[in-house]
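Trainee: Supplied in structure tokens, the structure appears directly below.
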Amino acid sequence: MTEITLRRPDDMHLHLRDGAMLTAVLPETARHFARAIVMPNLVPPVVTGAEALAYRDRILAALPDGMSFEPLMTLYLTEATDPEDVAAAAASGLVKSVKLYPAGATTNSQSGVRDFDKVRGVLERMAGIGLPLCVHGEVTDPAVDIFDREAVFIDRVLDPIRRATPGLRVVMEHITTKDGVDYARAQGDDLAATITTHHLILNRNHILAGGIRPHYYCLPVAKREHHRLALRAAATSGETRFFLGTDSAPHPDHLKEHACGCAGCFTATNTMALLAHVFEEENALGRLEGFTSEHGAAFYRLPRNEGRLTLAKRDHPARWPAKIGDEAGPVTVFDPGFPVHWHVSD
Ligand code: DOR
Ligand code: ZN
């Protein structure tokens, strides 16, 4: 197969930031994706419905003429979140999910949740109206090894929350382990999981062997090879509970190439070409459309996109800019480290 046409994809986990960075990165996503679940971890975070509405307006104002894109807004869950504000923002159609960051787990998560009992009222209200909770699934206990934090989170936090809140719809965001895949598979249809492009490509050796590669550092950090293989099997399986959330997360180079570098891989520019490469390697090109364009929409109870995106395999490798966003960055575009022959046809 040398050409494949997909329903236009959705990115069900994306960081767009704000200001000059938003202006720089938004076209990279809007060029290929119809919609994205937009993460609320700005500084300060997007906590209320009014803040989400204002952020949505800033995103739409930053969209270049001639491009179309629908931001699907999320609220940042804090211990002070008002359940009625969440319910109203969902009822208006503005907000599609609420994001749970355990406090201290990742970039701009300081306002996240420390005491899960304090958010019980919000979670119960969400279960009542079917509004999904997007979960950054890592414990923050310094005694837990960073490579174990996802698996421990499932046992200590995620499973107890789900048992205590029957009917709560949950998206395990950016799963990175076989433990995450296995847990997701064992649940009913009130649970789904997103998988990033970079976690299908990287294992921990790519970050650390032969020199430290800051542009491969993200959270949750890439794990051992057998975990990467489990993620590949899940993404390409055709199972509807797994779908794309790139977690494309821009940071300026000077904060990535730093003594204490920021977490995040910027994959918006080349995600679709990389996914075609990965799915072809797994003999699963026929399942790419489900992963990028159908399963996520179904879980979020959204109509499928009507537009199309064509990918073509060519003899010459695809090229993309090494960096984008001069004013806001520069931001390094994810380099998979191998040639990619799939091109998005314009
Ligand atoms: O690598 C990451 N970057 N993981 C996250 O959870 C947050 C994100 C960011 O906002 O930079
Ligand atoms: Zn993220």
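Trainee: Out of curiosity, is ALA184 open to solvent by less than 10 Å² (accessible area, probe 1.4 Å) and farther than 20 Å from LEU14 by Cβ?
Mentor: Taking the combined requirement at face value, the residue satisfies it.
Trainee: Looking at region 212-229 only, could you name the residues that are basic (Lys, Arg) and free of Cβ contacts under 8 Å to residues at least 12 places away in the same chain?
Mentor: Matches in region 212-229: ARG213 only.
Trainee: Next up: Looking only at residues that are over 19 Å from MET172 (Cβ atoms) and free of Cβ contacts under 8 Å to residues at least 40 places away in the same chain in region 105-127, which one is least open to solvent (accessible area, probe 1.4 Å)?
Mentor: GLY121
Trainee: Filter region 131-150 for residues that are of a type outside the set (Asp, Glu) and open to solvent by less than 30 Å² (accessible area, probe 1.4 Å) and give the result.
Mentor: LEU131, PRO132, LEU133, CYS134, VAL135, HIS136, GLY137, VAL139, VAL144 - these are the residues of region 131-150 that are of a type outside the set (Asp, Glu) and open to solvent by less than 30 Å² (accessible area, probe 1.4 Å).
Trainee: Take the residues in region 156-170 that are open to solvent by 10 Å² or more (accessible area, probe 1.4 Å) and not aliphatic (A, V, I, L, M); name whichever of them is nearest to ligand 2 (Cβ to nearest atom).
Mentor: Here the residue is ARG169.
Trainee: Within region 171-190, is even one residue assigned to a helix (DSSP H, G or I), closer than 16 Å to ALA105 by Cβ, of a type in the set (Asp, Glu) and away from ligand 2 (no atom under 16 Å from the Cβ)?
Mentor: no
Trainee: To continue, here is another question. Taking ARG58 and the conditions (1) closer than 30 Å to LEU158 by Cα; (2) more than 16 Å from ligand 2 (Cβ to nearest atom), which numbered condition does it fall short on, given that it satisfies the others?
Mentor: (1)
Trainee: Considering only residues that are open to solvent by 10 Å² or more (accessible area, probe 1.4 Å) and more than 13 Å from ligand 1 (Cβ to nearest atom), look in region 243-272 and name the one that is nearest to PRO214 (Cα to Cα).
Mentor: Here the answer is GLU257.
Trainee: Let me ask something additional. Could you please find all residues in region 217-237 being away from ligand 2 (no atom under 14 Å from the Cβ) and either open to solvent by 30 Å² or more (accessible area, probe 1.4 Å) or of a type in the set (Val, Ile, Thr) (or both)?
Mentor: ARG224, GLU225, HIS226, ARG228, LEU229, ALA233, THR236, SER237
The values are calculated or read from the model by the stated rules, or taken from the named source; none is laboratory data. Just so we're clear, the structure is a prediction, and the values are computed from it rather than from any experiment. Reconstructed Cβ throughout: ideal geometry from the backbone, glycine too, with neighbour counts over all protein chains shown. Only protein heavy atoms, including side chains, enter the accessible area calculation; ligands, DNA and RNA are left aside. Shrake-Rupley method; radii C 1.70, N 1.55, O 1.52, S 1.80 Å.
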